[in-house]
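To start, the structure under review is shown below, and the notes come after it.
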Amino acid sequence: FRNIIENAVEGIFQFVPGGGLITANSALVFILGWESVAQFQTDCPDFVGELFVDRQRGQEFHHGIKENSFVHAFEAQLRRRDGGRIWVSINARAVRDESGTLLLCEGSLMDVTDRKRSDDMLVQSLGRLNSLFFETVRALAKTVEIRDPYTAGHQENVADLACSMALRLGLSEDGVVAVRLAGILHDIG
């Protein structure tokens, strides 16, 4: 089992409730930027408290372990030795004695920084695409208004009124957006 742990690509750890590291594999040390487990233990005596960028997330992690005895796919930013920040996904569980006293926490973490960056880029691209889509719809509506000046502004007024009604009815955000589009496009046919 020691060979499996040492050659795993995930960072594997065990620490006591106060945050002191009991054991870690070389992948964990590499992910966090240290050169050896011994150096990591010396430089970072409070394994959890010193690594979480957002202390609130660190407290949520501790709470999950203490109250639920586990955390699954817990994402947070950690500090690397060089001061850089990485996103990790942590799976961990509490080890308790017969009386339920928390003895230690053990688990694994994976660096998900690249995935988080990709997710952020995807959200930004989706935002730009939505904006472009709405501008295209508005251009279509303006084309109809130019052809029939009598109805100038009518589509926007209908869209605003329909959105107000949709909000009062409690439609979801996506539902309200769909109603706005229908209001803008209703005269196009």
Checked region 89-162 with the C-alpha gyration tensor, a ≥ b ≥ c its square-rooted eigenvalues, rounded below a/c of 1.5, otherwise prolate if a/b is larger than b/c and oblate if not; verdict oblate
May I ask you to evaluate 6.51 cos²θ - 1.76 cosθ + 1.60, the Karplus curve with θ = phi - 60°, for each residue of region 25-30 and list the ³J(HN,Hα) values in order in whole Hz, giving x for glycine and proline?
8, 5, 5, 4, 4, 5
Enumerate by residue number the GluC sites (Glu not before Pro) in region 65-125 meeting two conditions: DSSP loop (anything except H, G, I, E, B), and at most 13 other Cβ atoms within 10 Å of the site's Cβ.
Glu98
Can you pull out the chymotrypsin sites (Phe, Trp or Tyr not before Pro) in region 48-125 that DSSP calls coil and that have at most 13 other Cβ atoms within 10 Å?
none
Can you quote the Å³ per residue value for the convex hull of the Cα atoms in region 130-189, rounded to an integer?
69 Å³
With a cut-off of at most 16 other beta carbons within 10 Å, and DSSP calling the residue loop, which chymotrypsin sites (Phe, Trp or Tyr not before Pro) in region 1-37 qualify? Please list them.
Phe1
Output needed for region 94-136: three equivalent-ellipsoid semi-axes, defined as square roots of 5 times the C-alpha gyration tensor eigenvalues, in descending order, whole Å.
47, 12, 4
Accessible area of region 61-189 divided out per residue, in Å², using a probe of 1.4 angstrom
67 Å²
Return the calculated 222 nm mean residue ellipticity for the chain, to the nearest 500 deg cm²/dmol, obtained by summing -39500 (n - 2.57) across DSSP H runs with n ≥ 4 and dividing by the residue count.
-16500 deg cm²/dmol
Taking region 49-99, the equivalent ellipsoid from its C-alpha gyration tensor has semi-axes in Å, biggest first, of 23, 10, 10
Region 1-145 - Rg (one decimal) and Dmax (whole number), Cα, Å:
21.0, 76
Expected vector for region 160-167, Karplus 3J(HN,Hα) from phi with 6.51, -1.76, 1.60 and θ = phi - 60°, integer Hz, x for Gly and Pro, equals 5, 5, 5, 5, 4, 5, 4, 5
Among Leu32, His154, Ser108, flag the residue with its Cα farthest along the positive direction of the charge dipole of the chain, charges on Cβ as +1 for Lys/Arg and -1 for Asp/Glu.
His154
Heavy-atom accessible area of the chain with neighbours in place, 1.4 angstrom probe: carbon+sulfur share in percent works out to 57 percent
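The values are calculated or read from the model by the stated rules, or taken from the named source; none is laboratory data. Not measured: the values here are computed from a predicted model. Glycine gets a Cβ as well: all are built from the backbone with ideal geometry, and neighbour counts include every protein chain shown. The area values use the complete protein model at the heavy-atom level, side chains included, leaving out ligands, DNA and RNA. Shrake-Rupley method; radii C 1.70, N 1.55, O 1.52, S 1.80 Å.
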